[in-house]
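Working notes for the structure below.
No value in this document is a laboratory result; all are computed from the given coordinates. Predicted model, so just to flag it, every value in this text is computed and none were measured. Cβ atoms come from the backbone with ideal geometry, glycine included; neighbour counts cover every protein chain shown.
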Amino acid sequence: MATGTEFQEQVRQLGKLITQFDEMPEGPQKHACKELVQLLMDVHGAGLQRMMEIVFESEGSGRVIIDTLGNDPITGSLLLLYSLHPEDLETRVGKAIDRMRPRLRKLSCNVEVASIVEGAIQIRVTTGGHSCGSSAKNVRAIVEDSVYELAPDVALLEILGLEEPSSSGFVALDSLIGNSLVASAHNSPALATEAAD
């Protein structure tokens, strides 16, 4: 973390770079850079404004305020951007799992963390016997949205247990008719000859 003097020097250096940037000839690259800088300023401005509101409204200690900042969607995202979030990845993924459980229960599903290794997350979903393809897509969307909302810094998210089944369970009519003929052929010599023909 920079000291007060180092911070002031960084601000001065930033001012010099902005002056040099303004003196560059106009063009698409300069325009894109201006948009980038403005977007960064807007993001940081919104985050700082929200931080000030939280601190002003808080009646708790420093730790309570920090936790509140981490749980707020705006300031929490900004803290994540700079690796300053008060909760580690495992804690945030655990919270995401807790939040999605009630929704998944309605779809006859359960969810748990299978593993967390260096930012790579495996989530295991167990489904009831009557889940269909569309509900599997819904479950996948719920898991992904919930995890990325609280842990956008996940390096890799793998969802286990939602692999597409090899068969849809649909049995063709021809197959049923053919099986009926074969079954009947065992019981009737005439049908056996007919089926053979």
Quiz item: By count of other Cβ within 10 Å, fewest leading, how are Val147, Val64 ordered?
Solution: Val64, Val147
Exercise. Over the alpha-carbon set of the range 4-81, work out the extent along each principal axis and list the three values in angstrom, largest first.
Key: 51, 30, 19
Quiz item: Rg and Dmax of the range 58-155 over Cα atoms: what are they, in angstrom?
Solution: 15.3, 50
Practice problem: May I ask you to order 73-80, 136-143 by the average number of other C-beta atoms within 10 Å around their residues, highest value first? | Solution: 73-80, 136-143
Self-check item: Eligible lysines near Lys137 by straight Cα distance, threshold 26 Å, same-chain separation 8 or greater
Solution: Lys95, Lys106
Self-check item: Residue order, fewest to most surrounding Cβ atoms within 10 angstrom, among Tyr148, Tyr82
Solution: Tyr82, Tyr148
